[in-house]
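Read through the structure below, which is laid out as C-alpha cells, and then see the notes.
The values are calculated or read from the model by the stated rules, or taken from the named source; none is laboratory data. Just so it is clear, the model here is predicted, and its values are computed rather than measured. Cβ sites come from the backbone with ideal geometry, for glycine too, and all protein chains shown count toward neighbours.
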Amino acid sequence: MIYAALKTLHLLCIIVWIGGMVFAQFFLRPAVATLAAPERVRLMHDVLGRFLNAVLVAAGLALGSGVWMIGRTARQMAQSGVKFNMPIEWMVMSLLGIVMLAVLGHIRFALYKRLSRAVTAEAWPAGGAALASIRTWVMVNLVIGVVIVAVTLLGASS
C-alpha cells in the first residue's frame, strides 16, 4: 500500500515537472512574445519564480520517493535471500534524474538569480538574455525527462 502511494506521488511530481516545462516552453513563452520587454520579462520572472519553487518541492519528493522505493525493493529481496540487481531502466531513471536535478539547480540558483537581478535593475536586455538561457536549459531538462519516461515505460513493457 505504501509503495503504491509513493509511486503515485513520484509520478505526480514528474507530471508537474515535465508538464510545467511543456507549458512554459510551448504555450506561455510564445503567448508572451508579443508583450513589450518590461512586461514580458516581469511576467516570466513571476511565473518562473512560482514554477521553480513548486518544482523544487516536486523534485525533492520525486527523489525521496524514488530512493525509498528502490531501497524497499532491495531490502525485500535481501530479506528473501535474493540478490538485488537493479533493472537497467531504474539505473537510467536514477542517473538521468540526478542530471535533471543538477540542471534544475543551475536554472533556479544561477540563471533565475540572474533574471531577478535584471528585473530589479530594470535591465530588460539582460533579462531577455537570462530568459533565453533558462529556455535552453529547460529544453535540455525536458528532453532528458521525456527520455526517462520513454526508457522507463519501454523497459517495463518488455
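Just one residue in the set V67, V143, V138 is part of a helix (DSSP H, G or I), in contact with a helix residue (DSSP H, G or I) (Cβ under 8 Å, 6 or more places away or on another chain) and among the aliphatic types (A, V, I, L, M); that residue is V138.
Of the residues screened, L95 is not one that is crowded, with 16+ Cβ neighbours inside 10 Å, assigned to a helix (DSSP H, G or I) and out of contact with any Ser or Thr (no Cβ under 8 Å at 6 or more places or on another chain). Of all residues in the range 78-121, those being more than 15 Å from the chain's Cα centre (by Cα), within 26 Å of A150 (Cα to Cα) and of a type outside the set (F, W, Y) number 7.
Look at P38 and say whether it is at pLDDT 95 or above, more than 20 Å from the chain's Cα centre (by Cα), surrounded by fewer than 11 Cβ atoms within 10 Å (Cβ to Cβ) and not charged (D, E, K, R). Against the criterion (at pLDDT 95 or above, more than 20 Å from the chain's Cα centre (by Cα), surrounded by fewer than 11 Cβ atoms within 10 Å (Cβ to Cβ) and not charged (D, E, K, R)), P38 does not qualify. Is it the case that the range 66-76 has a residue that's closer than 30 Å to P125 by Cα and either in contact with a Phe, Trp or Tyr (Cβ under 7 Å, 6 or more places away or on another chain) or exposed (fewer than 15 other Cβ atoms within 10 Å of the Cβ) (or both)? No: zero hits. Checked against (1) on the phi < 0 side of the Ramachandran plot; (2) of a type outside the set (A, V, I, L, M, F, W, C); (3) not in a helix (DSSP H, G or I), T73 meets all criteria but (3). Output the qualifying pairs, or none if there are none: Cβ atoms under 8 angstrom, residues six or more apart or on different chains, first residue in the range 37-54 and under 18 Å from V22 (Cβ atoms) and free of Cβ contacts under 8 Å to residues at least 40 places away in the same chain, second residue surrounded by 12 or more Cβ atoms within 10 Å (Cβ to Cβ) and hydrophobic (A, V, I, L, M, F, W, C). Close Cβ pairs (under 8 Å, with a partner that is surrounded by 12 or more Cβ atoms within 10 Å (Cβ to Cβ) and hydrophobic (A, V, I, L, M, F, W, C)) amount to V47/A24; V47/L28; F51/A24; A54/V16.
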